[in-house]
Structure formats: C-alpha cells, structure tokens
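Asks: Handing you a structure now.
What follows is calculated from the coordinates using simple rules that are stated; it is not laboratory data. Not measured: the values here are computed from a predicted model. Positions of Cβ are backbone-derived with ideal geometry, glycine not excepted, and every protein chain shown enters the neighbour counts.
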Amino acid sequence: MPEDEWKNERPRPRVLVVGFVGHQGKEYLPIVRENADIVGGVDPAPAAPTLAAEWGFPHYELLGEALEKADFDAALVTVPHSEHFPVCAKLLAHGRHVIKEKPFAVTEQEARHLMHLAQRADRSVYTLLQRNFNPVFQFAQENLARIGDAYWFSYDYHFNLADPTTGWRASREQAMGGVLLDMGYHLIDVLSGMFPEPPRVHSAFVHHYQEMRERRLEDLVSLMCSYPATGLAGSLRISRHNYEKIEHLCVLGTKGALSVGPGVAVLHSTGGPPLERCVWKGPKSDAVRSMIAHHLGHLEDRYYRQDHFQRQLATVRVIDGIYRDRLREQDELAEQCA
Ligand SMILES: NC(=O)c1ccc[n+]([C@@H]2O[C@H](COP(=O)([O-])OP(=O)(O)OC[C@H]3O[C@@H](n4cnc5c(N)ncnc54)[C@H](O)[C@@H]3O)[C@@H](O)[C@H]2O)c1
C-alpha cells in the first residue's frame, strides 16, 4: 500500500506536549497539530494557560496530573536539559512513547538507563535532529562513498549572539554542559551518521564570559578527532558569540570532496570542479515537518527504534567522553598546582 494511503488509514496519534511554552515547544505546535491530535500540554510557565486556551487543549502544570487525566500515545518533550531524563523516565513508566529534543541523554550511563526503560516498556524514544531530514545533509550522506576514503573533515557551527547566555543555558545544574552539549550535539550526530566513533578526541574549551568560565559552561569548543586505524582526522569548532552565524562541513576524500552548508551541498572532484550539487531553499519547517511525521509514523517500529538508540548512544558517548577527559585534565592540573 502506498505510504500516503497507509498514513490515511492509521488513526491520528494523540500527543501530549511537554514544555510547549518554550522556544522549541512553540515552534513545533503547528507542525504537531498537522500530524496528530494534541490532547494536552504540560508547562509550569505563567503563560501556559493562555497559550493552551488559544490552541484549544487542556493545560496541566505538572506531568503527573496529565498522566492521570489525559489519554495519549506519545509525548513531545521540549524542556531544559536537566528535566529530560526525569520527564522521559516518568512517561516510559506510564507506557508512553517519547519524541524529544536533543540531547538523547547527557551521559552514556543515562543513555543506557533510558534505553533500558524504553525497552522494558516496549516504547520508542526518538530524538529530534532536523539535519537528518534536511535534503542537503541527506545528499552528503548518500554521496559520501563517491569521494573515496575520507581522510579529513572540518565542521564549523557558530552563532553570533551579542549578549551573554541567560536562562537555564547559563545554569550548570540545568544546562549540564555548554555549547558542546547544546549546539555540538547536532554536529556530533551528523558525524555519527558518516563515520565511526572517534577513538581519540582532543578538546579546547574556551570562554567569552567570566561567569560562564566560573560555571564551567564553555562558550566555544574546538575538537580534534583522530581515527588512527583508518588515517581519518577531523576538527570541529562550535561557538555562540562569533562575528557571523555560520554552519559549514567539509569532507576531503581520496577521490573528491563534499562541502555542505545551509541550503547547498556540493560534491567536488579532487582539485575542485563541482560534479553534482543539491540546493535546498527550505523553509526549515519542511525538514521539521518530515522529521515529526516520520517519528510519529514509526512509534511502533522496533527495528527503527533500535537503530535510533544505537546512533544516539554513539553520539552521547562521544560527548560524554570529551567532558570526562576535560574533568580528568582539570583534576590533574589541580593536583599539580596543590
Ligand atoms: N533543535 C534545535 O535546533 C533546538 C533549538 C533550541 C532548543 N532546542 C532544545 O529544546 C529544548 C528546550 O529548549 P528551549 O530553547 O525551547 O528552552 P525554553 O526555555 O525556551 O523552553 C523550555 C520550556 O520548558 C518548560 N519546562 C521546564 N521544566 C518543565 C517540566 N518539568 N515540565 C514541563 N515543562 C517544563 C519551561 O517552562 C519552558 O516553557 C532543549 O533540550 C534544547 O536543547 C533545540
């Protein structure tokens, strides 16, 4: 049966939106509504009752209340990082699927715990990573083999925010990491889809603001990844306060190169001449729409679920490993200074 017909025959999933008043939650509301029935929203923010009334769904201040009163298949979770695990664990304990913002988890241990809870409940936990549904990144993935053996990548992702970070992202307890966890999760996930986990990663953590340094929340991170077995190496730079907003990935291979930026990916032959390009004019909401529809359409798909878990475990493990190495280095330095 064609995908569209099949989609039309399935009942619309019932979705609870958790953290719907925030930046991401609000962005997703119209798109979720296209694909599902929103049966309620949880958010303690003062603006929550008004927003829920405007959208015509019941508002709950606490998740426990929604679990008692609302009947739903899946929850869309867009809350600060420190709330991800407790919210997801509670949803899984009540037999609900989860579609959530990144990060899948903050540490490898937490990722494994979440996977265990999901498997025990036979429910999905899908992480929203829009680059996987962006035609430009899909082109890069599909054409990677055409550049021969990749031996170098370089990935830059910068925001040009003029002001210091505020809100939960400026709190160590709530953010649980700086730009590496927040913005870098997307990049590490893209690389997880292209290359194996890097056995060695050297990092430099840099701070624009003194208060972020004191809270151990990096404003900029530079990573050098090496894969001694294959000869591949690569570097990433991620920051919040650059002079321009930019995202660019370049991969060099023995037979060519790939260049990927927002809206355009180019496959080059060695030395430069472009062989093929993919241009995508967006809007971004199109990629978000297909991502949300895809996850809602695969809630019961155990194979897809397993693939997703393995990919997210790899992404979390890389980031967790970098933070752990950092802490170890700081402890060693403190010991030397003592
Ligand atoms: N994919 C992307 O490009 C992208 C962009 C921005 C944010 N994000 C992610 O989205 C998530 C939220 O970020 P944001 O920028 O929207 O934050 P935000 O502060 O704008 O929104 C968070 C919302 O969650 C609510 N909240 C807090 N604790 C809650 C709880 N226990 N139950 C229910 N609601 C709760 C807050 O009241 C707030 O309305 C984070 O995981 C972040 O990494 C992703």
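Asks: Please go through (1) free of Cβ contacts under 8 Å to residues at least 24 places away in the same chain; (2) buried (at least 17 other Cβ atoms within 10 Å of the Cβ) for Pro86 and return the number of the only condition it doesn't satisfy.
Replies: (2)
Asks: Related question: With the structure loaded, tell me whether Ala93 is of a type outside the set (S, T, N, Q), in contact (Cβ under 8 Å) with a residue 24 or more places away in the chain, near the ligand (Cβ under 9 Å from one of its atoms) and surrounded by fewer than 22 Cβ atoms within 10 Å (Cβ to Cβ) or whether it fails that test.
Replies: No, not satisfied.
Rundown of residues vs (1) among the aromatic types (Phe, Trp, Tyr); (2) under 30 Å from Ala204 (Cα atoms), yes/no style:
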{"site": "Arg240", "(1), (2)": "no, yes"}
{"site": "Tyr243", "(1), (2)": "yes, yes"}
{"site": "Ile246", "(1), (2)": "no, yes"}
{"site": "Gly256", "(1), (2)": "no, yes"}
{"site": "Asp286", "(1), (2)": "no, no"}
{"site": "Tyr303", "(1), (2)": "yes, no"}
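Asks: Among the residues of segment 173-183, is there at least one that is over 20 Å from Glu211 (Cβ atoms) and either without any contact (Cβ under 8 Å) to a residue 60 or more places away in the chain or within 15 Å of the ligand (Cβ to nearest atom) (or both)?
Replies: First pass over segment 173-183, keeping only residues over 20 Å from Glu211 (Cβ atoms): none.
Among the residues of segment 173-183, not one is over 20 Å from Glu211 (Cβ atoms) and either without any contact (Cβ under 8 Å) to a residue 60 or more places away in the chain or within 15 Å of the ligand (Cβ to nearest atom) (or both), which makes the answer no.
Asks: Among the residues of segment 267-280, which ones are in contact (Cβ under 8 Å) with a residue 12 or more places away in the chain and either within 23 Å of the chain's Cα centre (by Cα) or under 16 Å from Phe139 (Cα atoms) (or both)?
Replies: Leu267, His268, Ser269, Leu275, Glu276, Arg277, Cys278, Val279, Trp280
Asks: Moving on. What is the number of the single condition among (1) touching a residue at least 60 places away in the same chain (Cβ under 8 Å); (2) over 22 Å from Ile322 (Cβ atoms); (3) out of contact with any Leu (no Cβ under 7 Å at 6 or more places or on another chain) that Glu247 does not meet?
Replies: (2)
Asks: While we're looking at this one, here's another question. Looking at Arg112, Arg120, can you tell me which residue is within 21 Å of Thr315 (Cβ to Cβ) and either of a type in the set (D, E, K, R) or in a helix (DSSP H, G or I) (or both)? Full working, then the answer.
Replies: Values: Arg120 fails: within 21 Å of Thr315 (Cβ to Cβ).
Among Arg112, Arg120, only Arg112 is within 21 Å of Thr315 (Cβ to Cβ) and either of a type in the set (D, E, K, R) or in a helix (DSSP H, G or I) (or both).
Asks: Go through segment 17-48 and count every residue that is near the ligand (Cβ under 10 Å from one of its atoms), in contact (Cβ under 8 Å) with a residue 24 or more places away in the chain and not in a helix (DSSP H, G or I).
Replies: Selection size over segment 17-48: 11.
Asks: Taking the residues in segment 49-73 that are hydrophobic (A, V, I, L, M, F, W, C), in a helix (DSSP H, G or I) and closer than 19 Å to Arg96 by Cα as candidates, determine which candidate is nearest to the ligand (Cβ to nearest atom).
Replies: So the residue we want is Leu63.
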